[in-house]
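J.: Below is a structure I'd like to ask you about.
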């Protein structure tokens, strides 16, 4: 029993220490809109994300690493495209009222996609992303809402074989602890 109490106290102190040092974990989900050449044959989809943010308390700049799963339908075909990816982003928070704090972010990522149709090969591509969001204070957790533009290089191949940039716009809502 004493070991359990000591372990519980250690976890609480570690969590407070991590929060004081500016570490936070975010979990969210939302809708994803493929745009540009990627929108041809694709429909609106959904996405889930996990985020780890590190921001020193005295600095407006921080780092955010994301992992996500995205899935959107294929028009006219019984199937879907799934995408697994990860991004590393610089985050700049702006001063705001205590309940609403805006931020911008941008960075690089790797995007692995595969269609669920027979004969489709998966591919991993490099990309860039940028966006903006808002953190809303709700006790020990923050509600967040953000929108981004992901530009995935060489993600789409046209009929002549040229590789083009594929664009995705996810709108995500979640909790940050």
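J.: Of (1) at pLDDT 85 or above; (2) farther than 17 Å from residue 92 by Cα; (3) crowded, with 19+ Cβ neighbours inside 10 Å, residue 156 satisfies all except one. Which?
T.: Failing condition for residue 156: (1).
J.: So which residues in region 81-102 are modelled with pLDDT under 90 and buried (at least 17 other Cβ atoms within 10 Å of the Cβ), if there are any at all?
T.: Answer for region 81-102, where residues must be modelled with pLDDT under 90 and buried (at least 17 other Cβ atoms within 10 Å of the Cβ): just 81.
J.: A further question on this structure: Out of the residues in region 36-64 meeting the condition of being loosely packed, with under 13 Cβ neighbours inside 10 Å and not in a loop (DSSP other than H, G, I, E, B), tell me which one is modelled with the lowest pLDDT.
T.: Going through the qualifying residues, I end up with 44.
J.: Out of 143, 105, 128, 149, which single residue is surrounded by 14 or more Cβ atoms within 10 Å (Cβ to Cβ), without any contact (Cβ under 8 Å) to a residue 24 or more places away in the chain and part of a strand (DSSP E or B)?
T.: 149 is the lone residue from the list that is surrounded by 14 or more Cβ atoms within 10 Å (Cβ to Cβ), without any contact (Cβ under 8 Å) to a residue 24 or more places away in the chain and part of a strand (DSSP E or B).
J.: Look at region 65-86 and say how many of its residues are free of Cβ contacts under 8 Å to residues at least 12 places away in the same chain and in a strand (DSSP E or B).
T.: Within region 65-86, residues that are free of Cβ contacts under 8 Å to residues at least 12 places away in the same chain and in a strand (DSSP E or B) number 0.
The values are calculated or read from the model by the stated rules, or taken from the named source; none is laboratory data. On a predicted model such as this, the values are computed, not experimentally measured, just so you know. For neighbour counting, all protein chains shown are included, and Cβ atoms are generated from backbone atoms with ideal geometry for every residue, glycine included.
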